[in-house]
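What follows is a single structure, written as C-alpha coordinates, with notes after it.
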Amino acid sequence: MASILDQLDRLGEEHPHKLLYSFLDLNGIPLESYTYASFLHRTKAIAGHLRGHCGFAAGDRLLLAYPPGLEMICAFFGCVRAGLIPVPVYPPSSRGFQSALYKMVHIAKDCQAAGILTSEDYHASLKTNLARSGVAASGVDVDYISALPWIVTEYFVDTTGDEVFAGTSQILFLQYTSGSTMEPKGVMVTHENILNTCALVIDHPEPVVVTWLPQYHDMGLIGTYLYPALRGGTTYGFSSMDFIQRPILWFDTITTYQATATAAPNFAYDYCLRAGRLAKESLEACDLSTLRVMMCAAEPVKPDTYTRFLEAFQPYGLRSASFYVAYGLAENTLAVTLGGREIVSVNKRALALGKARMTTEVSEIDGATQIVSCGTPLPGLDIKIVEPEQHIALKPGLIGEIWLAGSGKCLGYWNNPELTLKQFRARLVDDSPYDDGHLRTAGASRT
(Lines give C-alpha, C1' and ligand atoms only; values in the text may rest on other atoms or scores of the structure.)
Protein backbone atom coordinates (compact mmCIF):
# COMPACT_ATOMS: atom_id res chain seq x y z
CA MET A 1 0.00 0.00 0.00
CA ALA A 2 1.28 3.45 -0.92
CA SER A 3 2.40 5.63 1.98
CA ILE A 4 3.47 9.25 2.25
CA LEU A 5 6.26 7.98 4.53
CA ASP A 6 7.96 6.28 1.58
CA GLN A 7 8.23 9.62 -0.19
CA LEU A 8 9.35 11.51 2.91
CA ASP A 9 11.93 8.88 3.87
CA ARG A 10 13.37 8.96 0.35
CA LEU A 11 13.69 12.74 0.47
CA GLY A 12 15.35 12.47 3.87
CA GLU A 13 17.99 10.19 2.40
CA GLU A 14 18.54 12.45 -0.63
CA HIS A 15 19.01 15.72 1.27
CA PRO A 16 19.10 15.03 5.03
CA HIS A 17 20.47 18.46 5.97
CA LYS A 18 17.98 20.51 3.97
CA LEU A 19 15.58 22.62 6.05
CA LEU A 20 12.08 21.14 6.10
CA TYR A 21 10.15 23.22 8.65
CA SER A 22 10.81 26.44 10.55
CA PHE A 23 8.34 28.16 12.86
CA LEU A 24 8.77 31.87 13.55
CA ASP A 25 7.80 34.25 16.34
CA LEU A 26 6.04 37.60 16.01
CA ASN A 27 9.28 39.26 14.89
CA GLY A 28 10.19 36.61 12.35
CA ILE A 29 12.83 34.91 14.50
CA PRO A 30 12.85 31.08 14.25
CA LEU A 31 11.51 29.42 17.39
CA GLU A 32 12.05 25.84 16.23
CA SER A 33 13.33 24.21 13.04
CA TYR A 34 13.82 20.75 11.55
CA THR A 35 15.91 19.45 8.70
CA TYR A 36 14.57 16.44 6.83
CA ALA A 37 16.85 14.14 8.84
CA SER A 38 16.10 15.66 12.25
CA PHE A 39 12.36 15.65 11.53
CA LEU A 40 12.40 11.97 10.57
CA HIS A 41 14.35 11.17 13.74
CA ARG A 42 11.83 13.10 15.83
CA THR A 43 8.80 11.38 14.27
CA LYS A 44 10.40 7.96 14.72
CA ALA A 45 10.95 8.75 18.41
CA ILE A 46 7.29 9.69 18.84
CA ALA A 47 6.14 6.61 16.90
CA GLY A 48 8.26 4.31 19.03
CA HIS A 49 6.88 5.66 22.28
CA LEU A 50 3.28 5.58 21.06
CA ARG A 51 3.53 1.95 19.98
CA GLY A 52 5.96 0.70 22.58
CA HIS A 53 4.95 2.41 25.81
CA CYS A 54 1.44 3.84 25.46
CA GLY A 55 -0.44 0.66 24.67
CA PHE A 56 -2.20 1.84 21.51
CA ALA A 57 -3.25 -0.62 18.82
CA ALA A 58 -2.84 -0.17 15.08
CA GLY A 59 -5.64 1.99 13.68
CA ASP A 60 -6.46 3.73 16.97
CA ARG A 61 -7.49 7.36 16.58
CA LEU A 62 -5.58 10.02 18.51
CA LEU A 63 -6.66 13.65 18.79
CA LEU A 64 -3.94 16.23 18.18
CA ALA A 65 -4.56 19.27 20.39
CA TYR A 66 -1.66 21.69 20.08
CA PRO A 67 -1.05 25.42 20.03
CA PRO A 68 0.56 26.76 16.82
CA GLY A 69 4.03 25.28 16.32
CA LEU A 70 5.82 22.27 14.87
CA GLU A 71 5.06 19.76 17.62
CA MET A 72 1.65 19.08 16.11
CA ILE A 73 3.28 18.24 12.75
CA CYS A 74 5.79 15.97 14.50
CA ALA A 75 2.96 14.20 16.33
CA PHE A 76 0.98 13.85 13.09
CA PHE A 77 3.79 12.01 11.31
CA GLY A 78 4.62 10.07 14.48
CA CYS A 79 1.08 8.70 14.54
CA VAL A 80 1.25 7.78 10.87
CA ARG A 81 4.56 5.96 11.32
CA ALA A 82 3.14 4.06 14.29
CA GLY A 83 0.12 2.88 12.28
CA LEU A 84 -2.22 5.15 14.24
CA ILE A 85 -4.72 7.65 12.79
CA PRO A 86 -4.14 11.30 13.76
CA VAL A 87 -7.18 13.55 14.19
CA PRO A 88 -6.26 17.28 14.25
CA VAL A 89 -8.61 19.43 16.35
CA TYR A 90 -8.86 23.11 17.14
CA PRO A 91 -7.36 23.45 20.63
CA PRO A 92 -9.89 25.27 22.86
CA SER A 93 -8.39 28.47 24.26
CA SER A 94 -9.75 31.42 26.21
CA ARG A 95 -11.43 32.87 23.09
CA GLY A 96 -14.57 30.97 22.12
CA PHE A 97 -13.66 28.35 24.68
CA GLN A 98 -17.01 26.68 25.21
CA SER A 99 -17.93 26.18 21.54
CA ALA A 100 -14.43 24.90 20.73
CA LEU A 101 -14.56 22.51 23.66
CA TYR A 102 -17.97 21.25 22.52
CA LYS A 103 -16.54 20.46 19.07
CA MET A 104 -13.54 18.73 20.60
CA VAL A 105 -15.75 16.51 22.76
CA HIS A 106 -17.98 15.73 19.76
CA ILE A 107 -14.97 14.75 17.63
CA ALA A 108 -13.48 12.61 20.41
CA LYS A 109 -16.75 10.71 20.77
CA ASP A 110 -17.41 10.45 17.04
CA CYS A 111 -14.02 8.93 16.20
CA GLN A 112 -13.85 6.95 19.47
CA ALA A 113 -10.47 8.47 20.28
CA ALA A 114 -8.06 6.33 22.26
CA GLY A 115 -6.14 9.34 23.56
CA ILE A 116 -5.14 12.96 23.10
CA LEU A 117 -1.66 14.12 22.14
CA THR A 118 -0.73 17.59 23.29
CA SER A 119 2.01 19.89 24.61
CA GLU A 120 2.85 20.48 28.25
CA ASP A 121 1.97 24.19 28.16
CA TYR A 122 -1.32 23.67 26.38
CA HIS A 123 -2.44 20.90 28.71
CA ALA A 124 -1.80 23.17 31.70
CA SER A 125 -3.65 26.10 30.10
CA LEU A 126 -6.65 23.92 29.24
CA LYS A 127 -6.97 22.85 32.86
CA THR A 128 -6.85 26.50 33.92
CA ASN A 129 -9.52 27.50 31.38
CA LEU A 130 -11.76 24.65 32.47
CA ALA A 131 -11.49 25.74 36.09
CA ARG A 132 -12.22 29.38 35.27
CA SER A 133 -15.06 28.88 32.81
CA GLY A 134 -17.39 26.72 34.88
CA VAL A 135 -17.97 24.79 31.68
CA ALA A 136 -18.77 21.59 33.58
CA ALA A 137 -22.29 22.87 34.19
CA SER A 138 -22.91 23.96 30.60
CA GLY A 139 -23.88 20.64 29.10
CA VAL A 140 -20.46 19.88 27.56
CA ASP A 141 -19.34 16.37 28.49
CA VAL A 142 -15.93 17.40 29.80
CA ASP A 143 -15.59 14.14 31.72
CA TYR A 144 -15.38 12.22 28.43
CA ILE A 145 -12.16 13.84 27.26
CA SER A 146 -10.83 14.20 30.80
CA ALA A 147 -10.98 10.42 31.14
CA LEU A 148 -8.89 9.86 28.02
CA PRO A 149 -5.10 9.59 28.35
CA TRP A 150 -3.46 12.96 27.67
CA ILE A 151 0.05 12.42 26.34
CA VAL A 152 2.68 15.14 26.15
CA THR A 153 4.79 14.29 23.12
CA GLU A 154 7.54 16.80 23.92
CA TYR A 155 8.95 14.19 26.31
CA PHE A 156 9.53 11.72 23.46
CA VAL A 157 12.98 12.76 22.34
CA ASP A 158 15.01 9.59 21.81
CA THR A 159 14.17 6.61 19.66
CA THR A 160 13.25 3.47 21.55
CA GLY A 161 14.93 0.95 19.26
CA ASP A 162 14.66 -0.41 15.74
CA GLU A 163 11.15 -1.82 16.07
CA VAL A 164 9.58 -2.40 12.68
CA PHE A 165 5.92 -1.42 12.68
CA ALA A 166 3.28 -3.54 11.03
CA GLY A 167 2.49 -0.90 8.44
CA THR A 168 0.58 2.31 8.02
CA SER A 169 -3.18 2.55 8.09
CA GLN A 170 -5.03 2.95 4.79
CA ILE A 171 -6.59 6.03 6.35
CA LEU A 172 -3.88 8.67 6.69
CA PHE A 173 -5.91 10.92 9.00
CA LEU A 174 -9.39 12.20 9.80
CA GLN A 175 -10.05 15.80 8.75
CA TYR A 176 -13.12 17.05 10.58
CA THR A 177 -15.28 19.65 8.90
CA SER A 178 -15.71 23.03 10.56
CA GLY A 179 -19.14 22.29 12.00
CA SER A 180 -20.35 25.83 11.32
CA THR A 181 -23.74 24.67 9.98
CA MET A 182 -23.98 21.12 11.37
CA GLU A 183 -22.06 18.70 13.56
CA PRO A 184 -18.43 18.23 12.43
CA LYS A 185 -17.93 15.15 10.22
CA GLY A 186 -14.68 13.21 9.96
CA VAL A 187 -13.44 12.97 6.37
CA MET A 188 -11.33 9.84 5.84
CA VAL A 189 -8.24 11.02 3.94
CA THR A 190 -6.01 8.29 2.49
CA HIS A 191 -2.33 8.21 1.62
CA GLU A 192 -3.26 7.82 -2.05
CA ASN A 193 -5.49 10.90 -1.92
CA ILE A 194 -2.51 13.00 -0.84
CA LEU A 195 0.03 11.38 -3.16
CA ASN A 196 -2.24 11.65 -6.21
CA THR A 197 -3.10 15.32 -5.67
CA CYS A 198 0.16 16.73 -4.29
CA ALA A 199 1.95 17.50 -7.57
CA LEU A 200 -1.24 18.88 -9.12
CA VAL A 201 -1.62 21.51 -6.40
CA ILE A 202 2.07 22.43 -6.01
CA ASP A 203 3.26 22.38 -9.59
CA HIS A 204 6.94 23.12 -8.93
CA PRO A 205 9.53 20.99 -7.09
CA GLU A 206 11.22 22.15 -3.89
CA PRO A 207 8.71 24.90 -3.09
CA VAL A 208 9.42 27.49 -0.42
CA VAL A 209 6.13 28.06 1.38
CA VAL A 210 5.19 30.79 3.84
CA THR A 211 2.06 30.20 5.92
CA TRP A 212 0.17 31.40 8.97
CA LEU A 213 -2.85 29.18 8.28
CA PRO A 214 -4.12 27.04 11.19
CA GLN A 215 -2.54 23.58 11.21
CA TYR A 216 -5.77 21.82 12.12
CA HIS A 217 -7.52 23.20 9.02
CA ASP A 218 -7.21 21.34 5.72
CA MET A 219 -5.75 24.23 3.70
CA GLY A 220 -3.12 24.82 6.35
CA LEU A 221 -2.25 21.20 7.15
CA ILE A 222 -2.46 19.67 3.68
CA GLY A 223 -1.62 22.65 1.51
CA THR A 224 1.23 24.22 3.47
CA TYR A 225 2.72 21.43 5.60
CA LEU A 226 2.09 18.06 3.92
CA TYR A 227 2.29 18.91 0.23
CA PRO A 228 5.50 21.00 0.42
CA ALA A 229 7.26 18.26 2.42
CA LEU A 230 6.35 15.63 -0.17
CA ARG A 231 7.66 17.91 -2.94
CA GLY A 232 11.05 18.30 -1.26
CA GLY A 233 10.31 21.84 -0.14
CA THR A 234 10.57 24.04 2.94
CA THR A 235 7.77 25.61 4.99
CA TYR A 236 8.17 28.74 7.11
CA GLY A 237 5.20 29.07 9.45
CA PHE A 238 3.91 31.37 12.15
CA SER A 239 0.64 31.69 14.05
CA SER A 240 -2.59 33.20 12.77
CA MET A 241 -2.70 35.57 15.73
CA ASP A 242 0.77 36.84 14.86
CA PHE A 243 -0.48 37.62 11.35
CA ILE A 244 -3.47 39.52 12.75
CA GLN A 245 -1.27 41.44 15.18
CA ARG A 246 1.48 42.16 12.65
CA PRO A 247 0.45 41.47 9.03
CA ILE A 248 3.75 42.82 7.66
CA LEU A 249 5.29 39.60 8.99
CA TRP A 250 3.65 37.74 6.09
CA PHE A 251 5.35 39.92 3.48
CA ASP A 252 8.65 40.17 5.34
CA THR A 253 8.87 36.37 5.52
CA ILE A 254 8.06 35.97 1.83
CA THR A 255 10.78 38.50 1.03
CA THR A 256 13.42 37.13 3.41
CA TYR A 257 13.15 33.51 2.31
CA GLN A 258 12.25 34.17 -1.35
CA ALA A 259 9.06 32.19 -1.05
CA THR A 260 7.53 30.55 -4.10
CA ALA A 261 4.07 29.86 -2.65
CA THR A 262 1.59 31.13 -0.07
CA ALA A 263 -2.17 31.02 0.44
CA ALA A 264 -4.89 32.71 2.47
CA PRO A 265 -8.66 33.29 2.58
CA ASN A 266 -10.26 36.45 1.17
CA PHE A 267 -10.47 38.11 4.60
CA ALA A 268 -6.66 38.20 4.88
CA TYR A 269 -6.18 40.08 1.62
CA ASP A 270 -8.93 42.48 2.61
CA TYR A 271 -7.37 42.89 6.06
CA CYS A 272 -4.03 43.91 4.53
CA LEU A 273 -5.76 46.57 2.43
CA ARG A 274 -7.40 48.32 5.38
CA ALA A 275 -6.09 51.74 6.28
CA GLY A 276 -3.34 51.62 8.86
CA ARG A 277 -2.65 47.87 8.67
CA LEU A 278 0.48 48.15 6.53
CA ALA A 279 2.50 51.33 6.65
CA LYS A 280 3.94 52.26 3.26
CA GLU A 281 7.44 52.55 4.69
CA SER A 282 7.21 49.01 6.07
CA LEU A 283 6.69 47.72 2.53
CA GLU A 284 9.73 49.44 1.03
CA ALA A 285 11.82 46.27 1.09
CA CYS A 286 8.89 43.99 0.14
CA ASP A 287 9.63 41.69 -2.84
CA LEU A 288 6.90 39.33 -4.02
CA SER A 289 8.53 38.58 -7.37
CA THR A 290 9.65 35.10 -6.30
CA LEU A 291 6.05 33.95 -5.76
CA ARG A 292 4.76 31.47 -8.30
CA VAL A 293 1.58 30.96 -6.30
CA MET A 294 -0.37 33.39 -4.14
CA MET A 295 -3.66 31.62 -3.68
CA CYS A 296 -6.98 32.98 -2.45
CA ALA A 297 -9.33 30.22 -1.30
CA ALA A 298 -11.29 28.65 1.60
CA GLU A 299 -14.10 31.23 1.59
CA PRO A 300 -16.04 33.31 -0.98
CA VAL A 301 -13.76 35.67 -2.89
CA LYS A 302 -14.88 39.27 -3.34
CA PRO A 303 -14.02 40.72 -6.77
CA ASP A 304 -13.17 44.11 -5.28
CA THR A 305 -10.72 42.56 -2.81
CA TYR A 306 -9.03 40.56 -5.56
CA THR A 307 -8.57 43.51 -7.93
CA ARG A 308 -7.52 46.00 -5.24
CA PHE A 309 -4.94 43.65 -3.73
CA LEU A 310 -3.40 42.90 -7.11
CA GLU A 311 -3.20 46.61 -7.97
CA ALA A 312 -1.75 47.47 -4.55
CA PHE A 313 1.00 44.83 -4.61
CA GLN A 314 2.02 44.73 -8.25
CA PRO A 315 4.52 47.54 -7.51
CA TYR A 316 6.17 45.09 -5.07
CA GLY A 317 6.65 42.37 -7.67
CA LEU A 318 3.37 40.46 -7.44
CA ARG A 319 2.59 39.06 -10.88
CA SER A 320 -1.00 38.71 -12.05
CA ALA A 321 -0.17 35.18 -13.21
CA SER A 322 0.83 34.24 -9.64
CA PHE A 323 -2.21 35.67 -7.83
CA TYR A 324 -5.21 33.45 -8.38
CA VAL A 325 -8.38 32.03 -6.87
CA ALA A 326 -8.95 28.35 -6.10
CA TYR A 327 -11.83 26.18 -4.96
CA GLY A 328 -11.66 23.02 -2.90
CA LEU A 329 -12.88 21.11 0.11
CA ALA A 330 -11.61 18.54 2.58
CA GLU A 331 -13.73 15.81 0.99
CA ASN A 332 -11.66 16.06 -2.21
CA THR A 333 -8.23 16.34 -0.56
CA LEU A 334 -8.25 20.10 -0.54
CA ALA A 335 -8.28 21.16 -4.22
CA VAL A 336 -10.81 21.07 -7.07
CA THR A 337 -9.88 24.03 -9.28
CA LEU A 338 -6.90 26.37 -9.58
CA GLY A 339 -5.93 29.46 -11.52
CA GLY A 340 -9.04 31.65 -11.26
CA ARG A 341 -8.34 35.22 -12.40
CA GLU A 342 -11.27 36.25 -14.59
CA ILE A 343 -14.10 38.37 -13.17
CA VAL A 344 -17.48 38.16 -14.89
CA SER A 345 -20.65 40.22 -14.54
CA VAL A 346 -23.93 38.30 -14.33
CA ASN A 347 -27.57 39.32 -14.17
CA LYS A 348 -28.92 39.22 -10.58
CA ARG A 349 -32.50 38.37 -11.55
CA ALA A 350 -31.39 35.49 -13.77
CA LEU A 351 -29.12 34.29 -10.97
CA ALA A 352 -32.08 34.11 -8.59
CA LEU A 353 -33.87 31.96 -11.18
CA GLY A 354 -31.02 29.47 -11.42
CA LYS A 355 -29.44 30.83 -14.58
CA ALA A 356 -26.02 32.38 -15.18
CA ARG A 357 -26.50 35.08 -17.80
CA MET A 358 -23.61 37.40 -18.58
CA THR A 359 -24.31 41.13 -18.71
CA THR A 360 -22.69 42.98 -21.58
CA GLU A 361 -24.77 46.14 -21.93
CA VAL A 362 -24.11 49.31 -19.92
CA SER A 363 -27.84 49.57 -19.21
CA GLU A 364 -27.68 46.27 -17.27
CA ILE A 365 -24.98 47.34 -14.80
CA ASP A 366 -27.40 48.26 -12.00
CA GLY A 367 -28.98 44.81 -12.16
CA ALA A 368 -25.69 42.91 -12.26
CA THR A 369 -23.29 41.37 -9.79
CA GLN A 370 -19.66 40.36 -10.25
CA ILE A 371 -18.26 36.88 -9.66
CA VAL A 372 -14.62 35.78 -9.57
CA SER A 373 -13.72 32.62 -11.48
CA CYS A 374 -12.36 29.76 -9.39
CA GLY A 375 -10.24 28.58 -12.31
CA THR A 376 -10.09 25.26 -14.12
CA PRO A 377 -10.39 21.70 -12.75
CA LEU A 378 -7.31 19.76 -11.77
CA PRO A 379 -6.17 17.24 -14.41
CA GLY A 380 -8.03 13.95 -14.14
CA LEU A 381 -10.91 15.47 -12.20
CA ASP A 382 -14.38 15.06 -13.69
CA ILE A 383 -16.73 17.91 -12.73
CA LYS A 384 -20.42 18.06 -13.51
CA ILE A 385 -23.05 20.67 -12.63
CA VAL A 386 -26.14 18.73 -11.58
CA GLU A 387 -29.81 19.32 -10.84
CA PRO A 388 -29.80 18.04 -7.23
CA GLU A 389 -33.29 16.53 -7.15
CA GLN A 390 -33.36 14.78 -10.52
CA HIS A 391 -29.62 13.95 -10.69
CA ILE A 392 -29.35 15.22 -14.26
CA ALA A 393 -26.27 16.99 -15.64
CA LEU A 394 -27.27 20.53 -16.57
CA LYS A 395 -26.68 22.37 -19.80
CA PRO A 396 -24.34 25.41 -19.93
CA GLY A 397 -25.73 28.54 -18.32
CA LEU A 398 -27.68 26.79 -15.54
CA ILE A 399 -26.93 26.67 -11.82
CA GLY A 400 -26.77 23.47 -9.81
CA GLU A 401 -24.64 21.35 -7.49
CA ILE A 402 -20.99 20.63 -8.19
CA TRP A 403 -20.40 16.88 -8.47
CA LEU A 404 -16.86 15.49 -8.58
CA ALA A 405 -15.13 12.26 -9.49
CA GLY A 406 -11.40 11.56 -9.42
CA SER A 407 -8.46 10.31 -7.39
CA GLY A 408 -8.70 13.18 -4.90
CA LYS A 409 -12.09 12.03 -3.64
CA CYS A 410 -11.76 10.73 -0.08
CA LEU A 411 -13.17 7.46 1.27
CA GLY A 412 -16.14 9.06 2.99
CA TYR A 413 -17.17 10.14 6.48
CA TRP A 414 -15.90 8.20 9.47
CA ASN A 415 -18.50 5.93 11.06
CA ASN A 416 -21.28 7.32 8.87
CA PRO A 417 -21.99 4.90 6.00
CA GLU A 418 -25.40 6.37 5.23
CA LEU A 419 -24.11 9.92 4.69
CA THR A 420 -21.04 8.53 2.88
CA LEU A 421 -23.30 6.77 0.40
CA LYS A 422 -25.34 9.93 -0.14
CA GLN A 423 -22.44 12.39 -0.45
CA PHE A 424 -19.58 10.31 -1.90
CA ARG A 425 -21.42 7.80 -4.08
CA ALA A 426 -24.03 10.02 -5.75
CA ARG A 427 -25.13 8.85 -9.18
CA LEU A 428 -26.48 10.59 -12.23
CA VAL A 429 -29.51 9.00 -13.84
CA ASP A 430 -27.39 7.68 -16.70
CA ASP A 431 -24.43 6.47 -14.61
CA SER A 432 -23.32 2.88 -14.86
CA PRO A 433 -24.00 0.81 -11.72
CA TYR A 434 -20.29 -0.06 -11.77
CA ASP A 435 -19.19 3.57 -11.43
CA ASP A 436 -17.80 4.68 -8.08
CA GLY A 437 -20.19 7.62 -8.05
CA HIS A 438 -19.65 11.34 -7.49
CA LEU A 439 -18.92 13.57 -4.54
CA ARG A 440 -21.71 16.09 -3.99
CA THR A 441 -20.53 19.55 -3.00
CA ALA A 442 -21.96 23.07 -3.32
CA GLY A 443 -23.92 25.06 -5.87
CA ALA A 444 -22.37 26.56 -9.00
CA SER A 445 -23.12 27.41 -12.60
CA ARG A 446 -22.01 25.73 -15.75
CA THR A 447 -20.99 28.35 -18.32
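The values are calculated or read from the model by the stated rules, or taken from the named source; none is laboratory data. For clarity, every value in this text was computed on a predicted model and none was experimentally measured. Ideal geometry is used to build each Cβ from the backbone, glycine not excepted, and the neighbour counts take in all protein chains shown. Heads up: the accessible areas ignore ligands, DNA and RNA and are worked out on the full protein's heavy atoms, side chains in. Shrake-Rupley method; radii C 1.70, N 1.55, O 1.52, S 1.80 Å.
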Before I look further, what does the chain give for accessible area per residue, probe 1.4 Å, in whole square angstrom?
45
For the pair Arg10/Asp382, report the inter-label distance in nm, with labels modelled 7 Å from Cα in the Cβ direction.
2.9
What FRET efficiency do you get for Ser432 and Ile248 if R0 is 41 Å and r is their Cβ-Cβ distance, rounded to the nearest 0.05?
0.15
I need the chymotrypsin sites (Phe, Trp or Tyr not before Pro) found in the range 383-447, filtered to DSSP loop residues with at most 13 other beta carbons within 10 Å of theirs.
Tyr434
Shape call for the range 286-359, from the Cα gyration tensor axes a ≥ b ≥ c (a/c under 1.5 means rounded, otherwise prolate when a/b beats b/c, else oblate), comes out oblate
Roughly how many percent of the accessible protein surface of the chain is carbon and sulfur, given a 1.4 Å probe and a whole-percent answer?
52
Could you work out the local net charge near Leu213, counting Lys and Arg as +1, Asp and Glu as -1, over the other residues with Cβ closer than 15 Å to its Cβ?
-3
Work out how much length Arg349 to Tyr316 would gain on full extension: take 0.36 nm times their residue separation and subtract the Cα-Cα distance, in nm to one decimal.
7.9 nm
Distance in nm between pseudo-label sites at Thr290 and Lys109 (7 Å out along the Cβ direction from Cα):
4.8
7 Å from Cα along Cα→Cβ at both Asn415 and Glu154: what's the point-to-point distance in nm?
3.0
Scanning the chain for GluC sites (Glu not before Pro) in DSSP loops with at most 13 other Cβ atoms within 10 Å, what's the longest stretch left with none?
1-162
How much net charge surrounds Gly83 when only the other residues with a Cβ under 10 Å from the Cβ of Gly83 are counted, with Lys and Arg +1 and Asp and Glu -1?
+1
Where does each of Asp143, Asp270 land when they are ordered by accessible area, with a 1.4 Å probe and the largest first?
Asp143, Asp270
Does anything in the range 58-100 have its amide N under 12 Å from the 7 Å Cα→Cβ label point of Met182, and if so which residues?
none
